[in-house]
Every structure is written in structure tokens, then in C-alpha cells.
Amino acid sequence: MEITNNPGDFLKQFIALLEREKEALIHNEGAVIQSIVAEKHVFIEWFPTFDFQQDADNEVEALVDTIRHLQETNLLLTKQALDYQEAVMEALSKGVKKAGKTYSKSGQQTGLTQASILNQSL
């Protein structure tokens, strides 16, 4: 990835990266998200090298506003994915029953309760 020297073009490159991240989050593409996070680290290192105050015109302000909106959207998509994963794990774990002991204290064999991933009770 080649970083441009123009602050406006730099922000446009970052917006394109955020758009790719948004699509990867929507399609649940973990490997793509991981590579995008690495690319975002490169951008974070480059941000301090630009003087956005010098070029603070309407275009730069609009680009920064777009970045803020995309970051918020991507954060919400990430939270939604995590909440979904937690809900699935909770639903699966509620259905799993612990197996009983195979022998009681008196040495008698006890029956095992069936372990099941899904809760079959109604």
C-alpha cells in the first residue's frame, strides 16, 4: 500500500479502507478483517505526519465527517457480530446438560444424562 502525500487523498484512501472493512464486517470475513486492521495500523502511524489544519477546507471537513460516520457504522457492526456470537453460544450452552456420575457413593452405577447441544424442552 502506497500512502499519498496529499492530505485529501490520504483521507480518501482511509475512507476506501473503511468501506472495505464495512463490507467485510457485513459478510463476516474474518481473514479480510484481520488484514484490514493491520492496514489501519499503518494509517494510524501516518496520521500525525499530515497537517490537516493547513488544508482545513470544506472537502477535508466532509472527508473527516465521512470517516467518523464509517467508524461508527463499523463499530456498530462489530458489536452486532459479537452480540450475535454471544447469543448463539448462550443458546448452545443452555442446551448442554452435564453428564451424571457413573457410580454413586455406594458403588452403584447411575445412569448418565444425555448431553445435547440443543435445548429440546418445550
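The values are calculated or read from the model by the stated rules, or taken from the named source; none is laboratory data. Just so it is clear, the model here is predicted, and its values are computed rather than measured. Note that each Cβ is placed from the backbone with ideal geometry, even for glycine, and that neighbours are counted across all protein chains shown. All accessible areas refer to the heavy atoms of the entire protein, side chains included, with ligands and DNA or RNA removed. Shrake-Rupley method; radii C 1.70, N 1.55, O 1.52, S 1.80 Å.
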Filter the range 9-46 down to the residues that are exposed (fewer than 13 other Cβ atoms within 10 Å of the Cβ) and over 19 Å from the mean Cα position of the chain (by Cα), then identify the one that is modelled with the lowest pLDDT.
Asp9
First in the range 64-93 and farther than 15 Å from Ile33 by Cβ, second anywhere and assigned to a helix (DSSP H, G or I), Cβ under 9 Å, 6 or more apart:
Val64/Leu11; Thr66/Leu11; Thr66/Ile15; Thr66/Leu18; Ile67/Leu11; Ile67/Phe14; Ile67/Ile15; Ile67/Leu18
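Condition check ((1) at pLDDT below 95; (2) surrounded by 10 or more Cβ atoms within 10 Å (Cβ to Cβ)) across all residues:
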site	(1), (2)
Thr73	no, yes
Ala81	yes, yes
Gln85	yes, yes
Lys94	yes, yes
Gly107	yes, no
Ala115	yes, yes
Which residues, counting only those in the range 56-71, are under 15 Å from Phe10 (Cβ atoms) and open to solvent by 50 Å² or more (accessible area, probe 1.4 Å)?
Ala56, Asp57, Glu59, Glu61, Ala62, Val64, Thr66
Within the range 18-50, the count of residues that are farther than 18 Å from Pro7 by Cα and either part of a helix (DSSP H, G or I) or in contact with a strand residue (DSSP E or B) (Cβ under 9 Å, 6 or more places away or on another chain) (or both) comes to 17
